[in-house]
Amino acid sequence: MASGKEIRGKISSVKNTQKITRAMEMVAASKMRKAQVQMEESRPYAEKIQKVIGHLANAHPEYQHLYMQSREVKRIGLVVVSSDRGLCGGLNTNLFKFSLNQMKQWDKDELDVSLCTIGSKGSAFFKRVGAKIISQPESLSDTPNIEALIGSVKVMLDAFTNGEIDQLVLVYNKFVNTMTQQPTLEQLLPLKAEENEDLSHHWDYIYEPDAEDVLDSLLARYIESRVYQGVVENIACEQSARMVAMKSASDNAGDLIDELQLAYNKARQAAITQELSEIVAGAAAV
Amino acid sequence: MTMTVHVDIVSAKEKIFSGLAEMVFAPAVMGEVGISPRHAPLLTTLKPGEVRVQIDPKTEESYFISGGMLEIQPHTVTVLADTALRAKDLDEAAALKAKEQAEALLANKQSDIDYAKAQAELIEAMAQIQAIEKLRKRIK
């Protein structure tokens, strides 16, 4: 049996760990609220632009934009959104597993995959498995700007325009609620038109200055907004996953402390008993 | 009753304005446009400038935007405002940076990027030590 001093040392070290995990839990809880607000705030833009794209799909444009034409898929561009920091439970691992399964499937179909990794956990992981990373933004903070994404998204859009990829897919964690985060896959390009009967009479927009320019900037903004939405949602997921993970870590530390305390008391008592019996035995000898 | 059109002004960060208006003025690339209700469908890009919303003849609200998109349907006007200045060469520079970042990542062999690998090795080593300790105890 370990001595009392040893156990006491262990208890204090577990207590320190518990302090850290509890602090992280609280920080994550407050950041989660902020991230959720951020997610809500960016929603109107996403909805409006989605609506405009919906109108556009139902219009009968004289000019068919490249992003709206589907072609035979041979190469795929994949945008993976992960977190910058760890200690958030299985959030990133689940997402990577999900993406790897998908990539294996594509591999079987002999499709070539190029990656854009957002978040340093994703870059580290996909670098290690030897995937082809063609674009990566600088690290994002907890409050990302849409500007920070423009460059990396543009690389993927350019690749699509130049025919280096035939399909663009986004993978991120969808925020279901605080306890549940769902790895989700969404197709970004080519755009899938949703037919709407009420709108599909024959009409087209007036474009100023011309259809190509306007559609170029509109669709680029649309894709950026989709990716941004994914990033913001992933941050909310990260914070809530971290909160839950840290909570269970604190609870575990508490259990461990209880057990150690019990062992410590037992050891202490044993030592006292031994000492007493030694004294009594000594007295009897005299 | 005067005719009104529903106006939404949104940016990626927030909802800026939503409501009915008699007329909207926006700085389109080809020159400022004034939009009355039942305007023909129009799609255009906006320059940085002021969007003015005339709610009734007496009240007018104005918002500064740094460019964006304008969509007009007969009964709705949507302004998708940018949160940053956008220009072709600026976007190009940003794209180049993202590409360089990816290349730097792939070229960089000894950095904290390998942290994940080191961590995995550490966990493995720790498990080994634990196993050895257990064996020792059993032998004693």
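The values are calculated or read from the model by the stated rules, or taken from the named source; none is laboratory data. Computed from a predicted model, the values in this text were never measured in an experiment. Ideal geometry is used to build each Cβ from the backbone, glycine not excepted, and the neighbour counts take in all protein chains shown.
When A:Ile76 is tested against (1) in contact with a strand residue (DSSP E or B) (Cβ under 6 Å, 6 or more places away or on another chain); (2) under 30 Å from A:Glu212 (Cβ atoms); (3) outside any strand (DSSP E or B), only condition (3) is not met. Among all positions in region A:51-72, there is at least one residue which is surrounded by 15 or more Cβ atoms within 10 Å (Cβ to Cβ), free of Cβ contacts under 8 Å to residues at least 12 places away in the same chain and within 12 Å of chain B (Cβ to nearest Cβ). Among the residues of region A:99-147, which ones are under 17 Å from A:Phe160 (Cβ atoms) and assigned to a helix (DSSP H, G or I)? Across region A:99-147, the qualifying residue is only A:Trp106.
Can you confirm whether region A:23-34 contains a residue that is of a type in the set (Lys, Arg), over 22 Å from the mean Cα position of the chain (by Cα) and assigned to a helix (DSSP H, G or I)? Scanning region A:23-34 turns up no residue that is of a type in the set (Lys, Arg), over 22 Å from the mean Cα position of the chain (by Cα) and assigned to a helix (DSSP H, G or I). On the stretch given as region A:126-152, residues that are surrounded by 14 or more Cβ atoms within 10 Å (Cβ to Cβ) and at the interface with chain B (Cβ under 8 Å from one of its Cβ atoms) total 12. Tell me, please, whether a residue that is among the aliphatic types (A, V, I, L, M) and surrounded by 21 or more Cβ atoms within 10 Å (Cβ to Cβ) can be found in region A:245-266. Yes, because at least one residue in region A:245-266 is among the aliphatic types (A, V, I, L, M) and surrounded by 21 or more Cβ atoms within 10 Å (Cβ to Cβ). Checked against the criterion of being modelled with pLDDT of 90 or more, outside any loop (DSSP other than H, G, I, E, B), among the charged types (D, E, K, R) and buried (at least 19 other Cβ atoms within 10 Å of the Cβ), region B:28-37 contains not a single residue that satisfies it.
Yes or no: region A:79-92 includes at least one residue that is within 12 Å of another protein chain (Cβ to nearest Cβ), loosely packed, with under 13 Cβ neighbours inside 10 Å, in a loop (DSSP other than H, G, I, E, B) and hydroxyl-bearing (Ser, Thr, Tyr). Scanning region A:79-92 turns up no residue that is within 12 Å of another protein chain (Cβ to nearest Cβ), loosely packed, with under 13 Cβ neighbours inside 10 Å, in a loop (DSSP other than H, G, I, E, B) and hydroxyl-bearing (Ser, Thr, Tyr).
Return the residues of region B:40-54 that are free of Cβ contacts under 8 Å to residues at least 40 places away in the same chain and more than 7 Å from chain A (Cβ to nearest Cβ); say none if nothing qualifies. Hits for region B:40-54 are B:Leu46, B:Lys47, B:Pro48, B:Gly49, B:Glu50, B:Arg52, B:Gln54. Just a yes or no: is a residue in region A:176-185 touching a helix residue (DSSP H, G or I) at 6+ places or on another chain (Cβ under 6 Å), within 9 Å of chain B (Cβ to nearest Cβ), outside any loop (DSSP other than H, G, I, E, B) and not hydrophobic (A, V, I, L, M, F, W, C)? Taking every residue of region A:176-185 in turn, none turns out to be touching a helix residue (DSSP H, G or I) at 6+ places or on another chain (Cβ under 6 Å), within 9 Å of chain B (Cβ to nearest Cβ), outside any loop (DSSP other than H, G, I, E, B) and not hydrophobic (A, V, I, L, M, F, W, C).
Listed conditions (1) within 12 Å of chain B (Cβ to nearest Cβ); (2) modelled with pLDDT of 85 or more are all met by A:Trp203, apart from (2).
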